[in-house]
Amino acid sequence: MQAKKFLTGLSAAAMAVKMADVDVITSFPIRPYTGVMMVLSQMVANGELDAEFIHADGEHAQLSIAGAASAAGSRTFTGSSGVGVTFAMENYSPISGGRYPVQMLIADRTLDPPGDFGSEHTDALGCRDQGWLMGWAETPQEVFDNTLMFYRIGEDPRVRLPQFNCHDGYFVSHIPGEVQIPEQSQVDEFLPPYKPVNPLDPQNPVGHGPQIYSDQGPALEAMRANAMMASMPVIEEVVDDFGRIFGRKYPPFVEEYMTEDADFVFFISGAHAHTARYAVRHLREKGAKVGLVKIRFIRPWPTDDIAESLSKFNAVGVVETNTSFGIARGGGILGPEVCASLYDASQRPLIASFMAGLGGEAITLDDFYFMAKKLSNIAESGRLEKAVYWMGFEE
Amino acid sequence: MGKVQEITVWASGVVQDKEARDVAQCLAAAAAKEGKFVQGFDNYVDLPDRVNVPVRKYARISDSEIEEKYLYENYNPEIVILVEPTLVKGINVLRGMKGGGCLIVNTGRSPEEILKFIPDKKPLKKVACVDAMGICPKAVIDFSGSEGAADAAGVGIGIGAVLAGAAAKVSGCVNIDSLMAVVTNAEAARRAFEEVVIKQL
Amino acid sequence: MRDYTVKIPKEKLLPEAGIVKSPLPNSEQPDMITGGWRILRPVIDKEKCTMCKTCWIFCPDGSIEITENEVRVNLKYCKGCGICANVCPVGAIDRVPELDFDDVPVRLEKLF
């Protein structure tokens, strides 16, 4: 019997971490993700969760300890936000290359300067090349579910890669939503204990992270690439199993909403998909042929699923809540990846980027109506007026 | 999107932060029990709170799904609850209130004394006062529920329960039975429901 | 070549990188007028006050003003922390609920 509770994204994550029986937790405070460590430290202190709780002296140390703990064979949890994520940057590649399935909870926060607690996805997206799985949760329920699913996917012997479990700071981390908490037996059935391969162990000594000659490089990199791509069929298996055990069936990579005969769609990831769905509903009531495509995994990027989905439409509006100054086509990070996915497709929609929600501003229904109007013109005229729109600065 | 009833709770930072959060959470939870669509959350930029610097907590109640969930503030509150009465003087706590709203103040003073400090009374229909410490002498200071973490001290154990009960009576936003079911100190909520002094304007 | 410039309307422009002159002499930040936060107002009893300046030294806010013949609290900024009342060697300062006073030194339209 699943109990229904009203939890914030952070409390939901902590609940999932407890039920996953994590072995090592490393923490360092930064707003807005700190709440998850507040709850976890309380659980460890009063015996609800049997885990080592290590408070590091900075995010760099936090990740370094987490990687080492995972290398020794423990199920490890850590997290950060904003500039904390970038401070730990040095550790991401060694952890993924060492094949340590650490899970890092990222509650997004705009990168400095200036100091802004609002949510932008750049902090996590800036680390997308490091070899970690990466996906966004839209609601506290998804945060809970992703925490369990990511461990299962990341620890799978065919994958063994660390994971960024991302969600928007404040919108999902601090605003409560309904979360179904399953029975412990269901979690145990879904998530078996972590079986490390070649852990650091005095009884069976191994050497991790050696120095190599450059001619050994290509093979190691190719093997890591294979592991990342091997996660794709694993993701499909895991969401099926998740649906079977918990009753919530997620699409593995791409979620479509009201796209049946859509002319143009919003392409989005994260919390704002919630508002976007209502905007689509209202626009449909007024006769617009609009839909929504939500992407669940940024890494591995589901190239074929995206191509198959988006090539059906005449125009795609990529909603970018991130910045990448000087990137190709001048928009955000998702735009070029969408374009690349469609490069080989026989049918290609026109693609426009909408820089929205920057600084953590809420994207309102009116903002989506504006985007829909522009996309409608693009779809109808068959021409792009311009490739990038900055919401708030357009007439 | 249907109409959303906005409730704003004002309090002094740190010393009343938990109680203010409890008021908003109890009202939201009670409305959820009645089948309404709700949100209950803290003002993001007021946290981390500083001692005696005003903080705001919000609740939203609606008969239909709340579509714009991510707005940072309640820009048009219908119900304003003051855990710290002095804030009625130094800050325009009724800012954005459109009309027919109510103000509930934690004080032993009379509604007339409070009204003295409100220059523009037009948006208000009712002003109510309740001496929360008199009903339940507990203003709990606890940080476990702050910043998205889970409250470990118990929701509605002190003056928060009292003010939620008073707000339920004055505004009718939730039934007292639903409120008593979600609040730890149900007796305090019930007493406030009966003893709150209301002045119609 | 493509024009990537974002056209920002004048009223939305901010100083570059958010850099401002600081401190600005003889200026006031309307969002930072803190007197509205005060719950207990310090009241100085002129009979008892010896003009020793201890309260002025200890006020963390610089909200105590001294002239030739009186010590005065700047009610626009005083946050009511009570340190002055605590350190006064002759007990000349009382902390009185702000709501007891009819005058309104500060009323903020909004918080920040």
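The values are calculated or read from the model by the stated rules, or taken from the named source; none is laboratory data. A quick note: this is a predicted structure, and the numbers were derived from the prediction, not measured. Glycine gets a Cβ as well: all are built from the backbone with ideal geometry, and neighbour counts include every protein chain shown. Note: accessible area is taken over every heavy atom of the protein model, side chains too, but ligands, DNA and RNA are not part of it. Shrake-Rupley method; radii C 1.70, N 1.55, O 1.52, S 1.80 Å.
List of remarks:
- Checking each residue in the range B:42-70 for being more than 10 Å from chain A (Cβ to nearest Cβ), among the hydrophobic types (A, V, I, L, M, F, W, C) and open to solvent by 20 Å² or more (accessible area, probe 1.4 Å) picks out only B:V51.
- Residue under evaluation C:P105, criteria (1) facing chain B (nearest Cβ under 10 Å); (2) assigned to a helix (DSSP H, G or I), criterion not met: (2)
- B:Q25 vs. criteria out of contact with any Leu (no Cβ under 8 Å at 6 or more places or on another chain), surrounded by 24 or more Cβ atoms within 10 Å (Cβ to Cβ) and over 15 Å from A:P176 (Cα atoms): no
- Selection status of A:A352, more than 14 Å from chain B (Cβ to nearest Cβ), among the small types (G, A, S) and buried (at least 23 other Cβ atoms within 10 Å of the Cβ): yes
- Scanning the range C:35-73 for residues that are β-branched (V, I, T), in contact with a strand residue (DSSP E or B) (Cβ under 9 Å, 6 or more places away or on another chain) and surrounded by 14 or more Cβ atoms within 10 Å (Cβ to Cβ) yields C:I39, C:V43, C:I44, C:I64, C:V71, C:V73.
- Total residues in the range B:155-178, condition open to solvent by less than 20 Å² (accessible area, probe 1.4 Å) and either in contact with a strand residue (DSSP E or B) (Cβ under 7 Å, 6 or more places away or on another chain) or assigned to a loop (DSSP other than H, G, I, E, B) (or both): 10
- When the range B:80-114 is filtered for residues that are within 12 Å of chain C (Cβ to nearest Cβ), more than 15 Å from the chain's Cα centre (by Cα) and in contact (Cβ under 8 Å) with a residue 40 or more places away in the chain, the ones remaining, listed by number, are B:I91, B:S110.
- Meeting the requirement of 2 or more residues that are open to solvent by 40 Å² or more (accessible area, probe 1.4 Å), the strands (runs of 3 or more DSSP E) wholly within the range A:32-112 are A:52-55.
- Selection over the range B:115-132 of residues that are surrounded by fewer than 21 Cβ atoms within 10 Å (Cβ to Cβ) and within 14 Å of chain C (Cβ to nearest Cβ) gives a count of 7.
- Taking the range C:90-99 as the range and being among the charged types (D, E, K, R) and either at the interface with chain B (Cβ under 7 Å from one of its Cβ atoms) or free of Cβ contacts under 8 Å to residues at least 40 places away in the same chain (or both) as the test, only C:E98 passes.
- Scan of the range B:62-72 for residues that are out of contact with any helix residue (DSSP H, G or I) (no Cβ under 9 Å at 6 or more places or on another chain), touching a residue at least 60 places away in the same chain (Cβ under 8 Å) and not small (G, A, S), ordered by number: B:D63, B:I66
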